[in-house]
1. Quickly work out the Asp285-to-Ala598 label distance, labels modelled 7 Å from Cα along the C-beta direction, and quote it in nm with one decimal.
2. Quickly estimate the mean residue ellipticity at 222 nm for the chain, helices only: each DSSP H run with n ≥ 4 gives -39500 (n - 2.57), and the total goes over all residues, rounded to 500.
3. What FRET efficiency comes out for the pair Ala114/Glu315, r = Cβ-Cβ distance, R0 = 51 Å, nearest 0.05?
4. Once fully extended, how much extra length lies between Asp412 and Lys100, figured as 0.36 nm per residue of separation less the alpha-carbon to alpha-carbon distance?
5. Sort Asp180, Asp244 so the one with the fewest other Cβ atoms within 10 Å of its own Cβ comes first.
6. Compute the projected area of the convex hull of the Cα atoms of the chain, averaged over all viewing directions, and report it in nm² to one decimal place.
7. Could you state the number of Å between the C-alpha centres of segment 138-201 and segment 83-128?
8. Could you compute the FRET efficiency for Lys356 and Leu269, with r as their C-beta to C-beta distance and R0 at 41 Å, rounded to 0.05?
Amino acid sequence: MALVLGEAICTEHVFAKDLFDAELRNHWAFQKVSRLTPPAVKQATWVRNPIDAFVLAELEAKQIPLSPPADKITLLRRAYLDLIGLPPTPNEVDAFLADKSPQAFDKVVDQLLASPHYGERWARHWLDLARYAESEGFKEDETRPNIWRYRDYVIQSLNADKPYDRFIREQIAGDELWPDNPEARIATGFNRHYPDEHNARDLRQRRQEILNDITDTVGAVFTGMTFACARCHDHKFDPILQSDYYRLQGFFANVTAADDVPLVSSNELKRYQGKLAVWEEKTRDLREQMTALEAPKRKEIEDELIRRYPKEIQEAIAKRPEERTSFEWLMYYKARQYLDPNSHQYVAPTTAVVAKLKGEQKEQWEDLKAELDRFKDLHPGKLPMASGIADVSRDAPKTYLLSRGAYDRPKDEVQPGFLQILNPKPARITPPAHANSTGRRTALANILTDPENPLTARVMVNRLWHYHFGRGLVGTPSDFGAQGDRPTHPALLDWLAAEFVEPLNHGSVAAAHASTLQRSNASTLSPWSLKHIHRLIMTSSTYRQSSQFNVAAAKVDPDNKLLWRFPRHRLEGEIIRDAAQSVSGFLNTRMGGPYVFAELAPGMAARGGW
């Protein structure tokens, strides 16, 4: 099996045989995805699409009877709650009951997939994986004023059925691949959701904790593997070496928060800068006088803050730009972020400085500010901004394997790379010509979206199945390792993964099942389409079964792993609340925009931006 690391590097897989035993090398999750022909079954009339053939073959082999189809109201409610998280209205129920055509339910599925509420519903699942947060966490819990744009990006991407490989590329390396595309810059917010504490003064430790969070998340979300277990030592059960952990981390060694990404085109930015230059020219004298009044107090604040940092960080801040190493630049940017997140220079926030001015100086500053305000009509205002991540330069600091995960106990240097059981070679890194970046994350995006990668497609189609049925074909959707569940239907899982990456016409299957296959014309199908997999799952007879209990079937398969009935599973709390709001007429269906702060009870202290 070949795995592309930025480019095709081999035609035959080479295992590090001294590192992994045969059992690990042969583990199902690391084998090439194979598209098997759906099996022949006796009850062929039950088969609506290939999913049913795989499921029915298992049931027939165990002589487990099929469940009857769900009644139309139950099926309609199931589809609505699954795809948009809202119950059908009485009119929608009546319309479905009145439609006697064989395609009635297929039409409902298509309508729901086209609903803007589909993106809202399924974005919740993705935002949970991405550990989406609108504040920094810890005791201060400062708000992230522009991170809501990432939430809207996910909703819009899902509604547009953006190909999943593009969806991954944008979130891992959108700024490197499409630096002039605002949407791609917003997408990098995927790795901006780490918890952070601005009062922590050891910036080296803070950087390492952030890198750990990014590494753990990327590993779990896209590979379905528990990477975090390998932070301090080789994984106890899975073929993830400690060096694999830091090889993955190496792709992010040069990133920093980018909370001031302008969401305009390059031409719009030039026009904005031209207008700003006019305002700056007209107000230069006033601003210089204000700066002179602020300077002593500003230096007091900055000196006090800088003194709290360790000596190495103070030295990095004090150095001239041309003298800083790539690691020192990371420390500099991390320190600057919490002095003035909106400034491109290392300065204390103006509000804190002005608060320290007293007497005549304060009066002079306020008079100058009043004069400055007279020119506010010339100021072009604030640009729309997004939060994401970006590399600080084209040179990355070295990445080391850390003894027991301790940031100050480095051991051997490692190069960026993927799981060594799949390919032991370092990734091929090519810095982009059009971005001030290393190109490392682009290399990782290429690895994750390589059609030969055995994990990415399997993990995602299993997640979709999990959310539809309450349990995935692999019951542990974020653990495809040795301690995770084995697939209940391995051939079906691989068929779905292959179909996800490259949807085919399935002429032989169509011939075998004739009129039972109801699919769109293959020419309209796009690779990596999430909606295509949704449609396949929901239009299958497997999905349309009732949840009726069958004593005979339960004796053979008590956990319903073979899907002889539709499994009952709990609704999330958000869906229960939305359903109650919807039927009572109080649901606010307005989409997008900044987050809304909940009203606090009297006596509760506000934190961050609350």
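1. 5.4 nm
2. -14000 deg cm²/dmol
3. It comes out at approximately 0.30.
4. Computed gain between Asp412 and Lys100 is 105.5 nm.
5. Ordered by Cβ neighbours within 10 Å, fewest first: Asp180, Asp244.
6. 33.4 nm²
7. With segment 83-128 and segment 138-201 each reduced to a Cα centre, they are spaced 28 Å.
8. It comes to 0.75.
Read-outs: derived from the displayed coordinates by stated rules, not from any lab. Computed from a predicted structure; not experimentally measured. Don't worry about glycine lacking a Cβ; one is built from the backbone with ideal geometry, like all the others, and counts go over all protein chains shown.
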